[in-house]
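K.L.:
The structure is given below, and queries will be raised subsequently.
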Amino acid sequence: MRDIKNKLTSSKNSKNTQNRRGKSFGYQVLGFGAGGGAAFDGIVATGGTITESGDFKIHTFTGNGTFTVNSVASVDTDNNKVDYVISAGGAAGGSGGFGEGGGGGGGGGYRESPGAATCYTASPRGASPATAIVVSAQGYPIVVGGGGSGGTGPGGCGVASSGLGLTGAGGGGGGGHFSTPQSRPGKPGGSGGGGAGQSPGASGNNPPVNPAQGTSGGVGRAAPQYQAGGGGGATTCGASPAPGAAAGNGGTGGISEITGSPLGRSGGGGGSNGQSPGRQGTSPCGSGGAGALTQCAAGSNGVTNRGGGGGGGGGTNPPAGTGGNGGSGVVIIRYRFQ
């Protein structure tokens, strides 16, 4: 009996331990190491106005500055390649006078890489042997050239732009009749200026580089209307007018998608007719100025920060139609950042 009692009474003091595990805690996932991939191995840089297009950063310089590369890729060195557009200042158009139209100003010298390194459509000036440039951690001075000044006589030449060790020459001024002594031929430059009525245009790609940075200006014609030639553009020459037709159009600039959408730069300015009817030359890519539409009127200005040449001034007896100003240049740099 004692054994049975002991077994029964001892059960009163026993504790139920089967459910202790129900209160024990498990490991909670706190996310250690999750979602934080390695940083992109590429360029980190400052300078200019910075925008983005997909996986690429674009630095646009509309004035002098410095493209400062703070660090570069240590493993994937292809990410250290940058594409670029360098457009110099466009030249002014020449003035008209004494029955002859003023020549269009040449577009600023235009330099561009092919666009393959950062996946955009380049202009024909990005053709071989142009290449993307490999940068290192340092500062790269950027110079943006101003446009030439218009007035009476020949147009003023544009100013060179430079960056990454490359230079685009300023555009060549358009020929102007109303001057003493008269200077009717266009002036050479990145793209050449168009000749005033009955005068030759000037050569482009001056000084010479490969690929060429520009083209020649058009030839001005003689009687009956003394139409002027258009200024050369980055990719096509300024037009030489046909007898009795409108004055010469400016040459086409470089149309590039480096900033994410197509835009023309370094187009030539249009020439002007010397006598009625006044049908002026235009600039096909929109960066150059049109020649004067009427006698004694001023030519249109080239577009600011697109390196366009100014339009030629309208011609007749004094007062002269002054040439339009050239547009200032630009330097653009593009690279992968993610």
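FYI, it's all coordinate maths here, none of it is from the lab. Note that the coordinates shown come from a computational prediction; the quantities given were computed from them, not determined experimentally. No Cβ is skipped: glycine too gets one built from the backbone with ideal geometry, and neighbour counts run over all protein chains shown.
K.L.:
Using the count of nearby Cβ atoms within 10 Å as a rough guide to exposure, how do GLU52, GLU100 rank from fewest to most?
P.N.:
So the residues, fewest neighbours to most, are GLU52, GLU100.
K.L.:
Now for a different question. Using Cα pairs under 8 angstrom and six or more residues apart, how large is the relative contact order of the chain, in percent?
P.N.:
Contact order relative to length: 21 percent.
K.L.:
Mean residue ellipticity at 222 nm from the helices of the chain, using -39,500 (n - 2.57) per DSSP H segment of n ≥ 4 over the full residue count, to the nearest 500 deg cm²/dmol?
P.N.:
-1000 deg cm²/dmol
K.L.:
Right, another one. Among THR316, THR259, which comes first, second and so on when ranked by fewest other beta-carbon atoms within 10 Å?
P.N.:
THR259, THR316
K.L.:
A further question on this structure: Note down the Stokes-Einstein diffusion coefficient of the stretch 90-229 in µm²/s, whole number, using a Kirkwood radius over alpha carbon pairs, 25 °C, and 0.890 mPa s.
P.N.:
Here the translational diffusion coefficient equals 160 µm²/s.
K.L.:
Based on C-alpha coordinates, I'd like the Rg and Dmax of the stretch 40-338, in Å.
P.N.:
In Å, with Rg to one decimal and Dmax whole: 19.2, 68.
K.L.:
Is the stretch 181-338 best put as rounded, prolate or oblate by its Cα gyration tensor, with a ≥ b ≥ c the root eigenvalues, rounded for a/c under 1.5, and otherwise prolate when a/b is larger than b/c, oblate when not?
P.N.:
Taking the square roots of the gyration eigenvalues as a ≥ b ≥ c, the stretch 181-338 is prolate.
K.L.:
Right, here's the next one. Assign one of three labels to the stretch 227-313, namely rounded, prolate or oblate, based on the Cα gyration tensor with a ≥ b ≥ c the square roots of its eigenvalues; rounded applies when a/c is under 1.5, prolate when it is not and a/b is larger than b/c, and oblate otherwise.
P.N.:
Cα axes put the stretch 227-313 in the prolate bin.
K.L.:
When a/c reaches 1.5 or more, the comparison of a/b and b/c decides; with that in mind, is the stretch 149-251 rounded, prolate or oblate per its Cα gyration tensor?
P.N.:
Oblate is the answer for the stretch 149-251, as a/c is 1.5 or above yet b/c matches or exceeds a/b.
K.L.:
Placing unit charges on C-beta atoms (Lys and Arg positive, Asp and Glu negative, everything else neutral), compute the dipole magnitude of the stretch 40-338 about its Cα centre in debye, rounded to 20.
P.N.:
The dipole magnitude comes to about 600 debye.
K.L.:
Continuing with the same structure: Given points 7 Å out from each Cα along the Cα-Cβ axis, report the THR51 to SER128 separation in nanometres with one decimal.
P.N.:
Spacing of the two 7 Å Cα→Cβ label points: 3.2 nm.
K.L.:
Neighbouring Cβ atoms within 10 Å as the yardstick, rank GLU112, GLU257 fewest first.
P.N.:
Going from sparsest to densest Cβ surroundings: GLU257, GLU112.
K.L.:
Now, a different point. What ranking, highest mean first, results for peptides 161-171, 75-85 when packing means the other Cβ atoms within 10 Å averaged over each residue?
P.N.:
The densest-packed peptide leads the list: 161-171, 75-85.
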